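Have a look at the structure below, then the notes.
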């Protein structure tokens, strides 16, 4: 049975979220650090909106952490997720900062003398170009992470999750995050992209990355031609290794369509996780990748 307002929610959620995400960028930005300031405020707001939506209209209620009804199991599930969101992400941010500082002089020294980046183009056009190119690089890193064992060791931390919801987007290994971040940003900086458009592109990736994991059903319409929506991303998280070898785009399915790896939806019997399916300990998720085959 459709709950009151559910049909309207399905149809309006994606365009409404994109409008909220876009709104802060329509006003004047500070000359220095403007994109970073907008991101610091707007991204948490978008994450909160997505989280609230899946509490009201979950696609699968059992995929949401339910500490009030599931007792200690629900509390443990919520606690694990919050540890990643507020703890592990801080470790990731520190590692990314250090790694970026190390590669910056290398990138600047290797940058071509020919101006490849359309610096005179409108800001929106530069952001769209940066986002599309970052997604191409991310697509390549992601496919490699599923192909090479040394990369899969760390990437598997994200795939062992047994339920999909907005905050699970943050359950990733710091090493995996550093590799993806460098893959997305180094080519852009080498081409001469400005910091503002790179940050803006990463912001949109953050919004869409959380949306792709959200435990909600949305009317896909034309959005599915470009954006990585929850139904498509669920395919990639399938415990069936053959079924999951699709939809490698983290925030868009554009490159999956180009390279023939797009699959629109999972089988009705979708099970999420990595065989053998089941929750792992923090030690297994964060320490095992350094020394034990996952």
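Below are the figures for this structure:
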{"item": "Residue 7 paired with residue 240, simple spin-label distance in nm, labels 7 Å along Cα-to-beta-carbon", "result": "3.2 nm"}
{"item": "Chain lengthening between residue 36 and residue 132 when straightened (0.36 nm per residue, less Cα-Cα)", "result": "32.6 nm"}
{"item": "Distance between segment 32-84 and segment 169-220 - C-alpha centres, whole angstrom", "result": "18 Å"}
{"item": "Order of 181, 142 under a 10 Å beta carbon neighbour criterion, fewest first", "result": "181, 142"}
{"item": "Contact order relative to length of the chain, as percent, for alpha carbon pairs under 8 angstrom and 6 or more apart", "result": "23 percent"}
{"item": "Length gained when the stretch residue 16-residue 62 is fully extended (0.36 nm per residue, less Cα-Cα span)", "result": "14.0 nm"}
{"item": "Helix 71-83 vs. the chain, principal-axis angle (Cα, 0 to 90°, nearest 10)", "result": "10 degrees"}
{"item": "Degrees between helix 6-22 axis and first principal axis of the chain (Cα, 0 to 90, nearest 10)", "result": "20 degrees"}
{"item": "Degrees separating the helix 89-110 axis from the principal Cα axis of the chain, which is the longest one", "result": "30 degrees"}
{"item": "Efficiency of FRET from Cβ geometry, residue 119 and residue 258, R₀ 35 Å, rounded to 0.05", "result": "0.85"}
{"item": "222 nm mean residue ellipticity, helices alone, for the chain (DSSP H n ≥ 4; -39,500 (n - 2.57); rounded to 500)", "result": "-18500 deg cm²/dmol"}
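Values quoted throughout were computed directly from the atomic coordinates according to the rules given, and no laboratory measurement underlies them. The structure presented is a predicted model; accordingly, all values stated were derived computationally and were not measured. So basically every Cβ, Gly included, is an ideal-geometry build from the backbone, and we count neighbours across all protein chains shown.
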